Amino acid sequence: MKILGLIGGISWVSTLDYYKLINEGINEKLGDLNFAECMIYSFNYADIKRNNDANDWDKTLEMITKASLSMKNGGAEAIVLCANTMHLIADRLEENIQIPVIHIASATANAITSKGIKKVGLLGTKFTMERDFFTSKLNEKGIEAIIPDDDERDFLHYTIFEELGRGIINPDTKRYYINVINKLIARGAEGIILGCTEIPLLINSTDVDIPLFDTASIHAKAAVEFALG
């Protein structure tokens, strides 16, 4: 089994899910008392968010490179960034550390392709929705991504950091998200990407009538496949 290095604390809420999903995935494949060999470096999210709000992604890359190299030196054979937004620096990180960074968008694109879907709605932070680090991986597979309008993107971004990232579940926020999803469906979305690892805390498959792509779950499965590959 290959050793995984998990970059967590971005936020800690979803890091818990990653640890659980990866261990459950290994055990499902191997049974008995077999679980994942992994390390977790958990950041103080306030430090990361401060960089990102200042658009200082170089500083974030420096911090995550240092943590990843520490885990590489400890035996990690691949890095799992336990958040969608952090994949903005994933390609540069992989160059810096010279071991694989298992990319959440590539794994999600593969999952969408397996369903024969060509047009999806993308929810997430404004970084994930507005920059091309996620959608470019979809485009490589011939998948078109559509995003909410400006005000809706602002609301999603705010609630991800101020509610979901703190473990706060607000019924009014859930209703808003479902309304946004329905608007994307009306624009032709055949599936919805929950492109922030905290969104599944709020939205699940019983809330809508088209496929949901839970990026945290998909990413964790890709990590399991790597570990056992």
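Here Ile26 meets each of (1) over 30 Å from Glu144 (Cβ atoms); (2) open to solvent by 10 Å² or more (accessible area, probe 1.4 Å) with one exception, condition (2). Scanning for something among the hydrophobic types (A, V, I, L, M, F, W, C), over 19 Å from the mean Cα position of the chain (by Cα) and either surrounded by fewer than 17 Cβ atoms within 10 Å (Cβ to Cβ) or at positive phi (or both), does segment 60-81 turn up at least one residue? No, there is no match, as no residue in segment 60-81 is among the hydrophobic types (A, V, I, L, M, F, W, C), over 19 Å from the mean Cα position of the chain (by Cα) and either surrounded by fewer than 17 Cβ atoms within 10 Å (Cβ to Cβ) or at positive phi (or both).
Considering only segment 62-80, how many residues are touching a Lys or Arg at 6+ places or on another chain (Cβ under 9 Å) and under 19 Å from Ser11 (Cβ atoms)? Show your work before the answer.
To start, the set of residues in segment 62-80 that are touching a Lys or Arg at 6+ places or on another chain (Cβ under 9 Å) comprises 65, 76-79.
With under 19 Å from Ser11 (Cβ atoms) added as a condition, the list becomes 79.
Total meeting the criteria: 1.
Would you mention how many residues in segment 104-117 are assigned to a loop (DSSP other than H, G, I, E, B) and either out of contact with any strand residue (DSSP E or B) (no Cβ under 9 Å at 6 or more places or on another chain) or buried (at least 20 other Cβ atoms within 10 Å of the Cβ) (or both)? Spell out how you get there, then give the answer.
Taking segment 104-117 first, the residues assigned to a loop (DSSP other than H, G, I, E, B) are 115-117.
Still in the running and either out of contact with any strand residue (DSSP E or B) (no Cβ under 9 Å at 6 or more places or on another chain) or buried (at least 20 other Cβ atoms within 10 Å of the Cβ) (or both): 116.
Number satisfying all stated conditions: 1.
Does Leu16 count as within 18 Å of Ala216 (Cα to Cα) and out of contact with any helix residue (DSSP H, G or I) (no Cβ under 9 Å at 6 or more places or on another chain)? Steps first, please.
Values: within 18 Å of Ala216 (Cα to Cα): yes; out of contact with any helix residue (DSSP H, G or I) (no Cβ under 9 Å at 6 or more places or on another chain): yes.
Criteria met by Leu16.
Yes/no per residue for (1) modelled with pLDDT of 95 or more; (2) crowded, with 18+ Cβ neighbours inside 10 Å; (3) within 17 Å of the chain's Cα centre (by Cα):
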site: His87; (1), (2), (3): yes, yes, yes
site: Pro100; (1), (2), (3): yes, no, yes
site: Leu122; (1), (2), (3): yes, yes, yes
site: Asp132; (1), (2), (3): no, no, yes
site: Ile143; (1), (2), (3): yes, yes, no
site: Pro148; (1), (2), (3): yes, yes, no
site: Phe155; (1), (2), (3): yes, no, no
site: Arg166; (1), (2), (3): no, no, yes
site: Pro171; (1), (2), (3): yes, no, no
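Take the conditions (1) assigned to a helix (DSSP H, G or I); (2) of a type outside the set (S, T, N, Q); (3) in contact (Cβ under 8 Å) with a residue 24 or more places away in the chain; Val120 misses just one of them, which is (1).
Give Ile40, Ile64 a once-over and let me know the one that is in a helix (DSSP H, G or I) and among the aliphatic types (A, V, I, L, M).
Numbers: Ile40 fails: in a helix (DSSP H, G or I).
Result: Ile64 is the single residue among Ile40, Ile64 that is in a helix (DSSP H, G or I) and among the aliphatic types (A, V, I, L, M).
In this structure, does Ala186 turn out to be out of contact with any Ser or Thr (no Cβ under 6 Å at 6 or more places or on another chain), at pLDDT 95 or above and within 24 Å of Leu6 (Cα to Cα)? Answer is no for this residue.
The values are calculated or read from the model by the stated rules, or taken from the named source; none is laboratory data. In this text the structure is predicted, and so the values were computed from the model without any measurement. Cβ sites come from the backbone with ideal geometry, for glycine too, and all protein chains shown count toward neighbours. Remember, those area values only see protein heavy atoms, side chains included, never the ligands or the DNA or RNA. Shrake-Rupley method; radii C 1.70, N 1.55, O 1.52, S 1.80 Å.
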